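Asks: Submitted below is the structure of interest, expressed as C-alpha cells.
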Amino acid sequence: MPVEQNSKYSFTDIYTSTGPTTTPTQSFYRPTEQPPAAAEPLPVSGSIHSPVAGADRLCPCDENTAVCDINCCCDRVCNEEVALFTSCSISAVRSGSKQLCSQDVAQYTLWTTVDGYSELQSSVQKETNYDILCIQAQNRYDGLSHPSPRLPTDSNFDSLFSQFVSFIFGSELSDEVLPAKLQTLTGYQFGDVLATAEQSGQRGMFYLPAPGITADCVNNSPAAFLKDQSSRCSQHVALDGDCSSLRALRMDTYTNIQLFAGKNADAPVVPVDVASVILQSTEGTQTELAVSEGVNLLPVLITTTLCANVVLKVVYVIKYNSAGEVENGSVSLVLGFISEAEVSLQQEFQVMYIQGDVGGRAVHYNGNPGYVVGMPLITEDQDCLQGPHQRSPILFGLDYVSGCTLRLEDITNCSLVSQLILDVLRGPNSPQYVASFGNSPLENVLDWVPVKTNINPTAAQSCNIPLSIHLEIEWTKYGSLVNPQAQIVNIREVIETNRSSLALLSGGTSILPIRGSVAFIPVSAAALPGYRATPSINAKLPFDFFFPFV
Amino acid sequence: MAFYEVYSHPVLVRYRSSVCTKATLFLVVVLCLTYIAPLLVAYRSQGFWIKRNIYEEQPVVRFQYQTLLVAATSLQGDYVAWSTFPHLNNMLGSNLRIPAVSVREEDQNQDGKLDLLTFQLQLPLKADEQVYSVQLLLTFSYQLFRMSTVVMQSLAFVQHSSPVPGAKLFISGDLRLQQRTPLPHWGLYNIYNVSVIDGSSPFASAYDLTNVMRSYQERNLTTVLSSPTPVWTVGRAAGSPFELYAEIRYPLEIIRYPFNKNSEGIESVF
C-alpha cells in the first residue's frame, strides 16, 4: 500500500554538495537484471552504459558541459548566473515512469528576491501516485525500459543488419544489365531491348525517343521488342546553334542503325534501310523524294530563322521471324522546316513489328468479329476514314464533333463554292461502303454497308452552301447475350445547307462555321426472355435467407 | 377473519372446434404471423446479422525512400528533375538536378508504429532559374494487420504550381487510405504489393507520370495525400535553393470489411 511520506529535505547548497544520496526506495527501479553483456562485441564497441537513475542527477536541459545553460535550473555549473534566470525551462525531473506508486522528483523553483534577482530553490520530494493500479515495485528490468540492444559482433552483424534495415536511400538497383544479356536463347523475347552495333564496335541499344516525366523527348529511351509504340514529344531547339548540330534533328541519327538479329554476340547484323523520305514544306504539303542510295539530307540553316531538312516524323517497321530474330528493318521519315529562331519542335516516332515468315499479308482487324470501341471503322480500301490533312479517323463508339470557320467574302460562282466545300467536308476519297464487322473480308459483298447520302437542298432563294456534315451510324448488338458483337447496320450521311441567305447567317461578318459530326446510335432491341415451356412460378427464398443457420 | 391460501393448482381450459371453422383459420394466421412475419421484417431491415462492418487501425507505414521530383524553372517550360531511379536520372540528361534531401520518420506516441514523416528537400537553382511548379512523388510501404493482413505499396503525390516563383513549399497532410471495395476479413491480401514505379525499367514510358497515375488509380486500394492547404512562400533570395518541406502523418484509418465471407460481392435477390 502506498504510504504518503512527504519527506522534504531542502538544501540550499546544492551546487557545492554532491547531492543527496539516494533514498532506499530508489533501489526499486534500479535494474535487478543487468542487461546481458554480449559475448564478443566488435573491437571498437564497448558495453553500453546503463542509464543513470537518481532524479537529482538527471538534467535534460544541460546541453553544454562546464558552461551554464540559460534557464536550465538543474544545471550544476550555474552558480552566479541563476540570478539572471527568468524561469525554469524544466521545473521537475522524474527518474522513473509516472506509473510508479512513489518515486523521487527533483523540483526546481525560481523566486525573485527584493532586489530583483532570482534565487533558485531546489528540493527532492517523494511523489506519490494515488492510482489504484500504480506500480509498487518494479523488479524486472525490461518492464519499463527499452530492451538492451544486441551488440553487433562479427558473426551476427549481417543478420542484425538485414533485420533492421528496410528502406534506405541508395538501395536502388545499380544501373547496368541492359544491352541484351547474353543467353543461350538466340532470339529476342517480348519486351527485350534491341541491341545495335555501334561504330566503335560496342553493343548499343536501339533508341526510340518518347516523352518521359514531361512532354519533352527522352532521346535515350530504348524501344522494346514486339511492343508497337507511337509517341509524340517535343524537342527544344534554338536554331543558331542546334540546326546542324543537334543529333535529334539529323536524319542519320535514325537511319544509321545496325541492328543485331539476335541476342547473342555472334548474331548477324541487320541494317535499317530507308524506305521513304517525305519532304514537308513550310505550308504542310508533302512530296516524296526518290530514295537513292546513300541519300542523306542533313539539316541546313538557310536563314537565321529557317532550318531545312529537320526530322519531323520517324516510322520504323521491323520484320521478325518466329524464332524472335530480326529479319530486316526499314525506316520512313518526314523531313521539314523550322521557321522560328527558338521553338519546341514536335516530333513523332513510331515503331511497328511485323512477323515476316507468315504466308500472305497480315490484315489488321478492328474487332473479331464485332467492332471494338475505340477502333477505327474499316472502309473499302482497308484504310480508315482518314485523309492526309488534319482529319481524324472515326472511332467506333465515340461520338465526335469538330469544325472550322470559313470566310466567304464574295460569292460569284455559288455552285463551285458549294462543290468545293462539299469536297472539303467529305474529304478526299470519301468511302462509299463501310464494313459491318471489324473483320469483314473484302470478298464478302453482303458484309459491306453502303453510305446513304442525304443532301437537303432546302429551297433557299439564292445559294446553297453545305454547312455541316453529320454521319449517323446505327449499330446493333449481334449474337449471344453473353458476348454480343457490335455490327453496323446502317450509315447515313446528312449534309445540311443554308436555309437563309448567307449574309443573314453570318451576321454580316462573312465568317461561316462549318461543322462535321459523328453519332453512334445503338439500335439493338432489348433482349426478350423466351420460354420453351409454360413458365412456372419460381417461388424461392433468397439463398442467404436463413443465414447463418444453413 | 383473515383468509390464507391453503392450496393452489393450475386449470387447463380446452377450446375445441372442428377443422373447417373460422377459429382454425385464425389459429393458422396467428401462427404465421408469429414466426414468418418477424423473419420477413428482419430480412427486409437488412437482417439480424451484420454483413458489413468497419474497424479502426493505425497502419504500419514506411517511407520507401523512392522519390521523384519535377520542378518547372521557367515560364517557357524548362524544368529540372530528380529521382531515386538510376535509369530515369540517366534519361534526364541536362535536366537532372540533384537536391539535398533529408528524411525522418518518427514514432511520436511510442507504440511501435511510425506516425510522422518529415521530408525536407533543397533544390539548388541556377541564377536565371525560378521555381513555378513542383511535382513530387513519394512511395510508401503500407501494412494492416488487424483483420486481414494487407501488404501494399502506395504513393503520395504532391502537385503545386503558382504564377509567382516560390522560395519554399510547405505541405502538411495525412496519408489516407482509399478503399473502393471492402477488404477481406481474414487471410493475406497482397495483390497490390507491387512497385508503383518500376525502377528497373529502362523505358521512358515507365516513368511517365500519366501512366503511373493511371495504373495506380485503377487499383481498388490506394492511398492519397490529403493536404488541404499547401503553403507557397514567395521571395527567394538569389543563390539560395528552393526548399520543399513536407510533413506527412500516418493516421488511424477506418476500414470496411464484409462480416461473412459469403455475402462478399453478392447482392440480395429478395
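Asks: Quick check: is even one residue across region B:34-47 in contact (Cβ under 8 Å) with a residue 40 or more places away in the chain and surrounded by 12 or more Cβ atoms within 10 Å (Cβ to Cβ)?
Replies: yes
Asks: Only one of these is assigned to a loop (DSSP other than H, G, I, E, B), touching a residue at least 12 places away in the same chain (Cβ under 8 Å) and within 12 Å of chain A (Cβ to nearest Cβ): B:LEU114, B:LEU138. Name it.
Replies: Exactly one residue qualifies, and that residue is B:LEU114.
Asks: Here is a further query. Name the single residue, out of those in region A:330-354 being more than 17 Å from A:VAL311 (Cβ to Cβ) and touching a Phe, Trp or Tyr at 6+ places or on another chain (Cβ under 8 Å), that is farthest from the other protein chains (Cβ to nearest Cβ).
Replies: A:ILE354
Asks: Just to verify a result, which residue in region B:30-56, among those that are more than 30 Å from B:LEU177 (Cα to Cα) and β-branched (Val, Ile, Thr), is farthest from the other protein chains (Cβ to nearest Cβ)?
Replies: B:VAL30
Asks: Another question, then. Taking B:ALA167, is it buried (at least 16 other Cβ atoms within 10 Å of the Cβ) and within 11 Å of chain A (Cβ to nearest Cβ)?
Replies: Taking the combined requirement at face value, the residue does not satisfy it.
Asks: Within region B:69-99, count every residue that is within 15 Å of A:ILE168 (Cα to Cα) and assigned to a strand (DSSP E or B).
Replies: 1
Asks: Among residues belonging to region A:191-214 that are facing chain B (nearest Cβ under 8 Å) and of a type in the set (Gly, Ala, Ser), point out the one that is surrounded by the most Cβ atoms within 10 Å (Cβ to Cβ).
Replies: Applying the filter and picking the extreme gives A:GLY212.
Rundown of residues vs (1) farther than 15 Å from A:GLY516 by Cα; (2) part of a loop (DSSP other than H, G, I, E, B); (3) at pLDDT below 75, yes/no style:
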site: A:ARG361; (1), (2), (3): yes, yes, yes
site: A:ASP383; (1), (2), (3): yes, yes, yes
site: A:GLN386; (1), (2), (3): no, yes, yes
site: A:GLN390; (1), (2), (3): no, yes, yes
site: A:LEU416; (1), (2), (3): yes, no, no
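Asks: Follow-up question, since we're still on this one. Answer yes or no: is there a residue in region A:271-281 that is surrounded by fewer than 19 Cβ atoms within 10 Å (Cβ to Cβ), out of contact with any Pro (no Cβ under 7 Å at 6 or more places or on another chain), assigned to a loop (DSSP other than H, G, I, E, B) and assigned by TED's automatic domain parsing to the domain that holds A:LEU208.
Replies: Within region A:271-281 (the criterion being surrounded by fewer than 19 Cβ atoms within 10 Å (Cβ to Cβ), out of contact with any Pro (no Cβ under 7 Å at 6 or more places or on another chain), assigned to a loop (DSSP other than H, G, I, E, B) and assigned by TED's automatic domain parsing to the domain that holds A:LEU208), the answer is yes, since at least one residue qualifies.
Asks: Checking A:SER244 against (1) assigned to a loop (DSSP other than H, G, I, E, B); (2) exposed (fewer than 14 other Cβ atoms within 10 Å of the Cβ); (3) not β-branched (Val, Ile, Thr): exactly one of these is not met. Which one?
Replies: (2)
Asks: Looking at this structure, is B:THR210 among the polar types (S, T, N, Q) and modelled with pLDDT of 95 or more?
Replies: Spelling it out, it is not the case that B:THR210 is among the polar types (S, T, N, Q) and modelled with pLDDT of 95 or more.
Asks: Pick from region B:184-200 the residues that are of a type outside the set (Ser, Thr, Tyr) and farther than 12 Å from B:VAL151 by Cα: which of them is nearest to the other protein chains (Cβ to nearest Cβ)?
Replies: Checking each candidate, the answer is B:GLY199.
Asks: Taking the criterion of being surrounded by 10 or more Cβ atoms within 10 Å (Cβ to Cβ) and not polar (S, T, N, Q), would at least one residue in region B:14-23 satisfy it?
Replies: yes
Asks: Go through region A:229-241 residue by residue and tally those that are crowded, with 18+ Cβ neighbours inside 10 Å and either more than 11 Å from every other protein chain (Cβ to nearest Cβ) or aliphatic (A, V, I, L, M) (or both).
Replies: 3
Asks: Hey, another quick one. Mind listing just one residue for me: the one in region A:105-124 that is of a type outside the set (Ser, Thr, Tyr) and out of contact with any Leu (no Cβ under 9 Å at 6 or more places or on another chain) and, of those, nearest to A:PHE85 (Cα to Cα)?
Replies: Of everything passing the filter in region A:105-124, A:GLY116 is nearest to A:PHE85 (Cα to Cα).
Here's the yes/no breakdown for (1) in a strand (DSSP E or B); (2) more than 19 Å from B:PHE242 (Cβ to Cβ); (3) not assigned by TED's automatic domain parsing to the domain that holds B:GLN76:
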{"site": "B:GLN143", "(1), (2), (3)": "yes, yes, no"}
{"site": "B:ARG146", "(1), (2), (3)": "no, yes, no"}
{"site": "B:VAL150", "(1), (2), (3)": "yes, yes, no"}
{"site": "B:SER154", "(1), (2), (3)": "yes, yes, no"}
{"site": "B:PHE157", "(1), (2), (3)": "yes, no, no"}
{"site": "B:HIS160", "(1), (2), (3)": "yes, no, no"}
{"site": "B:ALA167", "(1), (2), (3)": "yes, no, no"}
{"site": "B:SER172", "(1), (2), (3)": "yes, no, no"}
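Asks: A further question follows. Name the pairs: first residue in region B:81-105 and more than 7 Å from every other protein chain (Cβ to nearest Cβ) and farther than 19 Å from B:LEU209 by Cα, second residue surrounded by fewer than 17 Cβ atoms within 10 Å (Cβ to Cβ) and of a type in the set (Phe, Trp, Tyr), Cβ to Cβ under 9 Å, at least 6 apart or on different chains?
Replies: Close Cβ pairs satisfying both conditions: B:VAL101/A:PHE169; B:VAL103/A:PHE169.
Asks: Any idea which of A:SER159, A:SER118 is among the small types (Gly, Ala, Ser), over 43 Å from the mean Cα position of the chain (by Cα), over 30 Å from B:PRO99 (Cα atoms) and at pLDDT below 90?
Replies: A:SER118
Asks: Where residues in region B:201-243 are in a helix (DSSP H, G or I) and buried (at least 16 other Cβ atoms within 10 Å of the Cβ), which of them is farthest from the other protein chains (Cβ to nearest Cβ)?
Replies: B:TYR216
Asks: Go through region A:215-228 and give me each residue that's on the phi < 0 side of the Ramachandran plot and either more than 12 Å from every other protein chain (Cβ to nearest Cβ) or in contact with a Ser or Thr (Cβ under 8 Å, 6 or more places away or on another chain) (or both).
Replies: A:ALA215, A:ASP216, A:CYS217, A:SER221, A:ASP228
Asks: Right, here's the next one. Within region B:106-117, is there a residue that is of a type in the set (Asp, Glu), within 24 Å of B:ALA167 (Cα to Cα) and in the same structural domain as B:ALA246 (by TED's automatic domain parsing)?
Replies: Within region B:106-117 (the criterion being of a type in the set (Asp, Glu), within 24 Å of B:ALA167 (Cα to Cα) and in the same structural domain as B:ALA246 (by TED's automatic domain parsing)), the answer is no, since none of the residues qualifies.
Asks: Okay, next question. Given the criterion on the phi < 0 side of the Ramachandran plot, of a type in the set (S, T, N, Q) and modelled with pLDDT of 85 or more, identify the matching residue among A:SER292, A:SER332.
Replies: Going through A:SER292, A:SER332 in turn, just one is on the phi < 0 side of the Ramachandran plot, of a type in the set (S, T, N, Q) and modelled with pLDDT of 85 or more: A:SER332.
Asks: A follow-up question, please. Would you check which residues across region A:67-121 are among the charged types (D, E, K, R) and part of a strand (DSSP E or B) and list them?
Replies: A:ARG94, A:ASP104, A:GLU119
The values are calculated or read from the model by the stated rules, or taken from the named source; none is laboratory data. None of the values given here were measured: they were computed from a predicted structure. Note that each Cβ is placed from the backbone with ideal geometry, even for glycine, and that neighbours are counted across all protein chains shown.
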